[in-house]
Amino acid sequence: MKNKILSIIAVLVIVEGGVAMRDSFAQTTSTVQHEDMDGHLGHHTGSPSDGAFHRRFEDADKWAKEFDNPERDAWQKPEEILDALHLKPTSIVADIGAGTGYFSVRIAKRIPDGKIFAADIEPDMVSYLGERAHREHLTNLVPVLATAGAANLPEPVDVVLVVDTYHHIGNRPQYFAKLKSSLRPGGWLAIVDFKADSPSGPPAQYRISPEKITEELNAAGYSLLETLQFLPRQYYLIFQKRN
């Protein structure tokens, strides 16, 4: 009987230890999620050698509380980012890694006679975008289910915006070389991502320098047009595709 009791205690200790380890892992994961603001393409899978920070973004309602938190505006400066793109009322734009629509909704309101393709590879995010567009009467906001290797844009666009998502894309020179066919002649590609010393963003080993991005996009067929410095946590690079 004594041995049986000791065996039960031992099992309980193992189970308790497993719960503690699981909870610790959950806390660690939660911290990374909190730091990785708005990097939605993390859903895709593939080899770590592709240079991407892989992770999932399920449960759009949960993520909306973080991505669309008004406190984010202070450092993300969404209106200033969009001002720099000089969008016209008839512009056609793609927001890659659109998530819950933090930028897509703002863009839709700036281009009443244009169109915004809000692309994400997470199906729940795409469903959420459709519901939000309907709820906010944004008929020019078109959700698009992308894949890890392609944005799947239904027609060429004037501007592609990639905010807090570049580090989630694998095999980037190939990805952006393919994306060129979805940009109109003279089209712009705008990249916003986290600086090395930013208090938020992906783990340090997955942060990509502006110089590295420029190198990768040069290889993909783009030329750097402008580097903007007004964001406190991020760099802002604007490229033009070479014909």
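Would you please put 195-201, 111-117 in order of how densely packed they are, using the mean number of other Cβ atoms within 10 angstrom per residue and starting with the highest?
Averaged packing, sorted descending, gives the order 111-117, 195-201.
Arrange the peptides 138-145, 124-131, 162-169 so that the one whose residues have, on average, the most other Cβ atoms within 10 Å appears first.
So the order, starting with the most tightly packed, is 162-169, 124-131, 138-145.
Since every read-out is calculated from the coordinates, none of them should be taken as a lab result. Keep in mind the model is a prediction, meaning the values are calculated, not measured. Quick reminder, even Gly has a Cβ in these numbers, built from the backbone with ideal geometry, and neighbours come from all protein chains shown.
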